[in-house]
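Throughout, read-outs are computed from the coordinates displayed, never taken from laboratory work. Treat the numbers as computed from the prediction; the structure is a model and nothing was measured. Neighbour counts run over all protein chains shown; Cβ positions are idealised from the backbone, glycine included.
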Amino acid sequence: MHGQPTEFLFPNDHGSVAWTVMIVLYPYITGLVAGAFVVAALYHVFGKKELAPVARFALAASFSFCAFATMPLLLHLHQPQRAFNIMFTPNFTSAMAGFGFIYSFYLILLAVEILLVFRDDIVDRARRGGVEGLLYKVLALGVTTQTPGSRALDHKWISVLSVIGIPAACVLHGYVGFIFGGVKANPWWSTALMPVIFLCSAIVSGVAMLILLYVLACKFRRVAVDDECLRSMMRTLWLFLILAVALEELELLNMAYENGSEWAMLSRLIAEKLHFSFTWLQLVLGSLVPFFLLAIGMRRGLHPGVRIGLGTVSGLLVLIQVAAMRWNVVIGGQLLSKSFRGFNSYVPEFGGREGLGVALLVFSLPFVLLFALSRILPLWKTDAADAH
Amino acid sequence: MSCKPQGCPSCHPPADMAPDPSRREFVWDAIRTFSFGALTLTALPILVSEADADDDAKAAAPPPDAASPTTGAGKDKGKRTVLFGYLVDTNKCIGCGSCMLACKNENDVPDDQFRTWVERYVYYKDGRVEVDTCTSGNFSFDQKPALDPKVVDKAFFVPKLCNHCVETPCIQVCPVGASFMTQEGVVLIDHDRCIGCAYCVQACPFGTRFINHKTNTADKCTWCYHRVVKGEKPACVEVCPTGTRIFGDINDPDSDISKVLAANRIDVLKSYLGTRPKTRYMGLTAEVV
Ligand code: SF4
Ligand code: SF4
């Protein structure tokens, strides 16, 4: 009786992987877009008033990440000059063909919602003279009068856009999961759960990023962290972390329990190739530890300083969890040769178009934009302040 | 499986019945299929082959400009539609690697990338099974140490190439339609359209696609489309000294490939994925993927 052959890679699978660290970064950034938007929507649509201090900032953060979400893709394409063909000559049987449209729709939606949310301030400043006034006149789209009627209409549209934005965010990120989930050639990817897993981890990453940025910005601006707001974000994070991790692990458990032909290699993939990034980073450090930290940190009556500490550390760990998860899915899935008999290897280079250096640079750009936005728009003003 | 060459009249209607063997032919096929089906249960095998014929014809749906000098049959009244197929008889392969060399020369394939390759399966008496390839030098397994017959149960070679599937995941996922199928069922890539996203590389279950280092676009075996439309054989088929690789029109009952397909038990790779390869195999074992 002969056993199963091992250690054989199809010759084209040798060497590097087709989707590099840029394709790890792409779902990471889109995830932050969707996650940050959900926080804004929790305030605008679900009436979570305690999130008021971050509601506007969340929207701006979502927009900033969205503005650079396509950059890793462009850097990855081997013929980037033809990128727009995805929209000009789309092949609609491709899961990827919808990207341009869904993405553009979402970016426009975010931009319009931001212009409406900040409309009062923009109109106000449009009356100023000089270049500054001109900038705000452009942002006011030329209409520099506000009446109670127009204000009411703006608010109505903000609600409408937020309501549309929720399914749009789900589509945007669920869709990213579908790009992987729909590849039947790859047993590590091919599961109907993939879109849902991506969506939950997107929300997790967005909320975690907001917690971090909120705490940092408060320090930077020398104002006190709003305890209720932070606590609310930590509770949201805790809930979605449980959901995301449960789904991620259930999917694996299911594969392990079914013990199909692919499991022999997938279990080896986890044990040998992804041991550190999966077991330690994604599972222990990124999921278990923040689960406990958040459980403690969201208790009522906790000392605000302790809450800030626990929130910040959990936020950071969860961001690492999601980055590890993206890596494990995108890179992990490609390490297994299509022969299902051996493993490829991939160590990202630092230099080069698809290197870590450029990836870090691209990842820093949304923060630069967010900072710029904070200079021209009052991101920290709350509606309550408006009312006064 | 494709429509078999011994074919029912509906798969290969006489010339006078097929004034425009494209859309109208399908309609007739469908009508005939239904009436046969209604008449008798014994028509079941016909139904199956009809459905397959439809699929294969669908697979052969051309991009607008894919008609070729010899095979633009769909346009010529009364001519049969050519549907290319490929058969690998692994029983005959000796692992000489001539095909790989010919392919590299014919298609200017980069050194470390492969449109075709040959795998060697070695079954040892102690239960081990080892698979390897020979991807350097002249690609001949002669360069490797000889196997010791005393410790080996059996060993054989399996050439691999694009399967030119009927249900192609690679064409399905291409976001810009750069991957397409010709009228004759050949899966090709338009290198002027490909954006190099590599989604097709991920989607092909057989590892046959790669991003060509030289062209920076997706690449894979074309069954030497530039040759076969002129009536020549693919370079690998031409040089194979043992007749392992057979290429031809599977819609022509008299072609070599049709005869071998009809008379033998035929396999395809990873059939469970439902891609319905048109590159077929003889002599596979369960270990070959
Ligand atoms: S073998 Fe791969 S590249 Fe060739 S047609 Fe099938 S899926 Fe496409
Ligand atoms: S690499 Fe080229 S052929 Fe392949 S899916 Fe992308 S655009 Fe299409």
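Using only Cα atoms, locate the centre of the range A:195-210 and the centre of the range A:85-123, then give the distance between them in Å, rounded to an integer.
Cα centroid of the range A:195-210 versus Cα centroid of the range A:85-123: 20 Å apart.
Once every DSSP H run of n ≥ 4 in the protein assembly as shown is given -39500 (n - 2.57) and the sum is divided by its residues, what mean residue ellipticity at 222 nm do you get, rounded to the nearest 500 deg cm²/dmol?
On the way: 23 runs with 324 residues, N = 677.
It lands at -15500 deg cm²/dmol.
Pairs of alpha-carbon atoms within less than 8 angstrom and 6+ residues apart define the contacts here; what relative contact order does the range B:155-289 have, in percent?
Working: 175 pairs, mean separation 30.6, N = 135.
Relative contact order of the range B:155-289: 23 percent.
Tell me the relative contact order for the range A:223-346 as a rounded percent, counting alpha carbon contacts under 8 Å between residues six or more apart.
Worked out over the range A:223-346, it gives 32 percent.
With chain A treated as a Gaussian network of Cα nodes joined by springs under 10 Å, which of A:THR70, A:THR312, A:THR145 yields the largest mean-square fluctuation?
A:THR145
What net charge is computed for the residues neighbouring B:PHE114, neighbours being all others with C-beta under 9 Å from the C-beta of B:PHE114, Lys and Arg scored +1, Asp and Glu -1?
Working: positive: B:LYS104, B:ARG115, B:LYS160; negative: B:ASP112.
Residues near B:PHE114 contribute +2 overall.
Excluding residues fewer than 8 places away in the same chain, name every one of the lysines whose C-alpha is closer than 30 Å to that of A:LYS137.
Qualifying lysines at Cα under 30 Å: A:LYS156, A:LYS381.
Please give the FRET efficiency for B:ILE266 paired with A:VAL284, using the beta carbon to beta carbon distance and R0 = 45 Å, rounded to the nearest 0.05.
Rounded to the nearest 0.05, the efficiency is 0.35.
Which residues does the label zone of A:ASP227 cover in the range A:299-323, counting backbone N under 12 Å from a point 7 Å along Cα→Cβ?
Inside the label zone: A:299-308.
Would you mind counting up the charge near A:LEU335? Only other residues with Cβ under 11 Å from its Cβ, with Lys and Arg at +1 and Asp and Glu at -1.
Once positives and negatives cancel, what remains is 0.
Give the distance, in whole Å, between the Cα centre of the range B:154-175 and the Cα centre of the range B:78-138.
Cα centroid to Cα centroid, the span is 12 Å.
At a Förster distance of 45 Å, what's the computed FRET efficiency of A:SER104 paired with B:ASP254, Cβ-Cβ distance as r, to 0.05?
Calculated transfer efficiency: 0.25.
Taking a ≥ b ≥ c as the square roots of the Cα gyration tensor eigenvalues, with a/c under 1.5 meaning rounded and otherwise prolate when a/b beats b/c, else oblate, which class fits the range B:120-232?
Prolate.
With labels modelled as points extended 7 Å from the Cα through the Cβ direction, what inter-label distance (nm, one decimal) is found for A:LEU365 paired with A:LYS219?
2.7
Rounded, prolate or oblate: which fits the protein assembly as shown when a ≥ b ≥ c are the square roots of the eigenvalues of the alpha-carbon gyration tensor, with rounded for a/c under 1.5 and prolate only if a/b beats b/c?
Judged from the Cα gyration tensor, the protein assembly as shown comes out prolate (a/c at least 1.5, a/b above b/c).
Under 23 Å Cα to Cα from B:LYS270, which lysines show up? Leave out anything in the same chain fewer than 8 places away.
A:LYS184, A:LYS338, B:LYS4, B:LYS58, B:LYS92, B:LYS154, B:LYS160, B:LYS220, B:LYS278
Does the range A:3-162 come out rounded, prolate or oblate, given a ≥ b ≥ c as the square roots of the eigenvalues of its C-alpha gyration tensor, rounded meaning a/c under 1.5 and, failing that, prolate meaning a/b above b/c?
The shape class here is prolate.
Which residue fluctuates the most in chain A, going by a Gaussian network model with Cα springs under 10 Å, if the choices are A:LEU373, A:LEU239, A:LEU153?
A:LEU153
Which residue, A:ALA152, A:ALA95, A:ALA271, tops the fluctuation ranking in a GNM of chain A built on C-alpha contacts under 10 Å?
Sorting by GNM fluctuation, first place goes to A:ALA152.
Note the angle between two axes, namely the Cα long axis of helix A:99-117 and the longest principal axis of the Cα atoms of chain A, as a number of degrees from 0 to 90, rounded to the nearest 10.
Approximately 20 degrees, to the nearest 10.
Let me check against my output: what whole-number percent is the relative contact order of chain A, with C-alpha pairs under 8 Å and at least 6 apart?
Normalised by residue count, the contact order of chain A is 29 percent.
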